[in-house]
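The values are calculated or read from the model by the stated rules, or taken from the named source; none is laboratory data. None of the values given here were measured: they were computed from a predicted structure. Here the Cβ is made from the backbone with ideal geometry for all residues, glycine too, and neighbour counts use every protein chain on show.
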């Protein structure tokens, strides 16, 4: 791989969460207990690979190290089974369109967001004028 391609991949905006995805993820940390919030914020900051479904209704987050998926264990939750950490509802002032985001953890870390409609459609129509309401569904310290 050429040096130019390496730089293109490093700075490719598709490898980082979109603005609305960042707003969704950032709404969760303040709702968590302090220790979990610190881990959550570290997980969000560590993301360096993002995969979006073609229909815009799901996004998966990864930390890639040495060419493979490898979330650092020191920033992972003790709870390792799959769980829905939060449901985040977004509304926009000027349009009658809402977006619901279900945020999932797998293996002790943030893994995905599932949307009820295309994220890009909502983001384009809302034009940055959205309101966010976050509801924690299951805390990382809960085990069942």
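Filtered by the rule that a residue be more than 21 Å from residue 32 (Cα to Cα) and either at pLDDT 95 or above or part of a loop (DSSP other than H, G, I, E, B) (or both), segment 69-80 gives a lone residue, 70. Note on segment 81-110: residues that are more than 20 Å from residue 42 (Cβ to Cβ), in a loop (DSSP other than H, G, I, E, B) and in contact with a helix residue (DSSP H, G or I) (Cβ under 9 Å, 6 or more places away or on another chain) total 4. Considering segment 111-121, the residues that are in contact (Cβ under 8 Å) with a residue 60 or more places away in the chain and crowded, with 16+ Cβ neighbours inside 10 Å include one that is farthest from the chain's Cα centre (by Cα), namely 119. Quick check: anything in segment 122-136 modelled with pLDDT of 95 or more, surrounded by fewer than 17 Cβ atoms within 10 Å (Cβ to Cβ), in a loop (DSSP other than H, G, I, E, B) and within 16 Å of the chain's Cα centre (by Cα)? Within segment 122-136 (the criterion being modelled with pLDDT of 95 or more, surrounded by fewer than 17 Cβ atoms within 10 Å (Cβ to Cβ), in a loop (DSSP other than H, G, I, E, B) and within 16 Å of the chain's Cα centre (by Cα)), the answer is no, since none of the residues qualifies. For segment 26-68, the set of residues classified as within 17 Å of residue 104 (Cβ to Cβ), in a strand (DSSP E or B) and in contact (Cβ under 8 Å) with a residue 12 or more places away in the chain consists of 49, 50, 52, 58, 59, 60, 61, 62, listed by residue number. If you filter segment 44-56 down to residues that are under 22 Å from residue 123 (Cβ atoms) and crowded, with 16+ Cβ neighbours inside 10 Å, you find that the one that is farthest from the chain's Cα centre (by Cα) is 52. Considering each residue of segment 3-12 in turn, none proves to be surrounded by fewer than 16 Cβ atoms within 10 Å (Cβ to Cβ), modelled with pLDDT of 95 or more and not in a helix (DSSP H, G or I). Of all the listed residues (25, 32, 20), the sole one being surrounded by 19 or more Cβ atoms within 10 Å (Cβ to Cβ) and at pLDDT below 95 is 20.
Look through segment 70-98, keep the residues that are surrounded by 13 or more Cβ atoms within 10 Å (Cβ to Cβ) and without any contact (Cβ under 8 Å) to a residue 40 or more places away in the chain, and return whichever of them is farthest from residue 129 (Cα to Cα). Of everything passing the filter in segment 70-98, 80 is farthest from residue 129 (Cα to Cα).
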